[in-house]
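S.K.: The structure follows.
Rule-based calculations on the coordinates, nothing more; no lab input. Not measured: the values here are computed from a predicted model. Backbone-built Cβ (ideal geometry, glycine too); neighbour counts: all protein chains shown.
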Amino acid sequence: MTTSSDFVPTGQAVSGTSGPMKAQQRALIIGLVFIGLSVLGLFLGQASDPARPFLGWILGISFWLSILIGMLFLLMIWWMFDAGWAVILRRQVEHALAAIPWLAVIFLPLVVLSLFAAKSGYVPWIWMDGTQPVPGGHGSVSQDVLYVHKAPYLDRTFFVLRYLVYFGAWAGLAYFFRKWSFNMDATGDHANVHKSRRLAAVGLFICAFATTFAAIDWFKSLSYHWFSTMYGVWFFSACVRAALSGVVLLMFYSATREDGLKGIVRPVHYYLMGCIMLAFTVFWAYISFSQYFLIYNANIPEETFWYNIRELAKEGGKNSWWWVGMGLIFFSFFVPFLYLLWYKNKFGNRLKFIAVWILVFHLLDLYWNIVPQKLVAENEMGYVVRQFGISWVDITMIIGVGAIVVWAYLKSAARERAIPIRDPRIQESINCHE
């Protein structure tokens with residue numbers, strides 16, 4: 001039986017070899033190179049659709065940030081419910097959360113754009129330039145009655161201030177949870193547990209508000225005419241679902257390393273994570289369907305157009321987004337749902353496979369929510385819809401931001417223990433069983 005006495009009770013990481021340092025350096029170099037290529041893509045632009053490269057920037061950040069936000073939610077839920085089984089997994093999450101401040105820095109070009117280049121036509125948020133014509137409408141944004149009513153919120157300066165609040169909330173919560181967890185390793189002071197649980201009780205509400213309004217600001221306001229009261233909940237469910245898959249992959253990675261979870265993580269930990277993945281697969285589908293069902297029933301033009309442009313072509317047939325939507329229904333919900341019902345699929349490579357599967361279709365879900373927009377066109381409708389397509393900036397951003405997240409994780413993991421060795425429930429987690 002493994003006990004906490006088998007681990008040296010210091011605040012230092014076990015590994016001092018050059019291997020982790022080389023991995024960190026490679027990840028950092030890859031991240032900087034690919035983000036640099038993405039910056040080049042922003043300047044080169046796309047003549048027919050100047051805003052498209054900036055959507056790639058949003059996609060790359062949103063994919064990784066959504067995983068980290070979901071991990072932050074998981075961390076607070078574990079603290080709130082005093083989940084003893086999850087204690088050995090908590091440290092992997094804490095290491096990953098070290099990347100949040102760096103994602104705030106990577107988001108900065110979009111902030112600068114909103115302040116200084118709003119009139120260039122490159123802004124993905126059309127409401128930032130009041131002189132822009134309204135697709136399919138009459139006149140400019142500043143004359144649009146829906147914009148006029150939403151103008152106090154849809155303000156560029158306020159947009160930037162909210163960006164600071166959101167990242168400040170996420171980074172601040174991550175900082176204190178990490179600080180108190182690492183401090184408990186070093187000192188053994190269980191007061192850190194009580195502080196973490198109290199912060200989790202408040203932090204869940206703070207994180208919920210920040211996540212909801214960030215989804216509204218960065219995704220929903222791309223089509224500022226649209227109304228939905230469930231959008232923040234959709235993003236929350238997507239974040240946690242992606243985070244569960246991310247934690248599972250971290251478990252498999254760390255379980256292969258002597259300075260990680262090798263010999264510590266048990267099959268039951270994978271099984272329990274698989275059960276929660278199944279639960280959030282159902283929850284994500286429920287929220288996504290409920291939003292569609294309510295808008296379909298209400299049949300209000302300011303709401304239904306958002307789904308119409310993701311389904312109908314100009315000629316009345318189905319456009320490319322209809323196929324993406326079908327893919328989300330069958331492959332993002334039905335496949336993981338049916339797959340995770342089987343007990344044996346919650347272990348080993350089978351669980352690893354479905355974790356990767358969910359992350360791939362989480363990215364497709366972000367495409368479906370972010371990329372389709374009405375674009376001004378000289379036809380009888382006054383607009384065309386941006387269709388599904390993968391830009392090279394999408395690829396470079398996903399790789400670049402991902403490499404920075406990996407670098408931040410490896411850097412934190414090299415400094416601290418793989419498990420919280422002095423947590424009062426560490427024995428329960430190590431000896432967890434079904």
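S.K.: What are the trypsin sites (Lys or Arg not before Pro) within the range 235-279 that DSSP puts in a loop, where the Cβ has at most 12 other Cβ atoms within 10 Å?
M.R.: Hits after loop and neighbour filter: Lys262.
S.K.: Still on this structure: Using alpha carbons only, how many degrees (0 to 90, rounded to 10) separate the axis of helix 267-298 from the longest principal axis of the chain?
M.R.: Rounded to the nearest ten degrees, it is 20.
S.K.: In addition: Which order results if Ser48, Ser38, Ser290 are arranged by neighbouring Cβ count within 10 Å, fewest first?
M.R.: Sorted ascending by nearby Cβ count, the order is Ser48, Ser290, Ser38.
S.K.: Could you rank the peptides 272-285, 326-339 by their average count of other C-beta atoms within 10 Å per residue, with the highest value first?
M.R.: Order by mean packing, descending: 272-285, 326-339.
S.K.: Now, a different point. Taking the chain as the reference, fit the longest principal axis to its C-alpha atoms, fit the long axis of helix 18-44 to the helix C-alpha atoms, and give the angle between the two in degrees, 0 to 90, nearest 10.
M.R.: Roughly 0 degrees between the two axes.
S.K.: Students often check this: by mean Cβ neighbours within 10 Å, which of 145-154, 224-233, 416-425 ranks highest, and how do the rest follow?
M.R.: 416-425, 224-233, 145-154
S.K.: Provide the per-residue ³J(HN,Hα) series for the range 318-328, in order, calculated from phi with Karplus coefficients 6.51, -1.76, 1.60 and θ = phi - 60°, each as a whole number of Hz, with x at glycine and proline positions.
M.R.: Once θ is set to phi - 60°, the couplings for the range 318-328 become 9, 9, 5, 6, 4, 5, 5, x, 5, x, 5 Hz.
S.K.: Can you give the charge dipole size of the chain about its Cα centre, rounded to the nearest 20 debye, using +1 on the beta carbon of Lys and Arg and -1 on the beta carbon of Asp and Glu?
M.R.: Value, rounded to 20: 940 debye.
S.K.: Given the convex hull over the Cα atoms of the chain, what projected area results after averaging over all orientations, in nm²?
M.R.: Hull-based average projected area comes out at 20.9 nm².
S.K.: Shifting gears a bit: Restricting to DSSP H runs of at least four residues, report the calculated mean residue ellipticity at 222 nm for the chain, -39500 (n - 2.57) per run over all residues, nearest 500 deg cm²/dmol.
M.R.: -21500 deg cm²/dmol
S.K.: Return the ratio Rg/(2.2 N^0.38 Å) for the range 107-206, where Rg is computed over Cα atoms only.
M.R.: Normalised Rg, Cα atoms only: 1.65.
S.K.: Which whole-angstrom value gives the distance between the alpha carbon centres of the range 255-310 and the range 179-201?
M.R.: Computed from Cα coordinates, the inter-centre distance equals 30 Å.
S.K.: Count of lysine pairs in the chain with Cα atoms under 27 Å apart, counting only pairs 8 or more residues apart in sequence or on different chains?
M.R.: For the chain, qualifying lysine pairs total 24.
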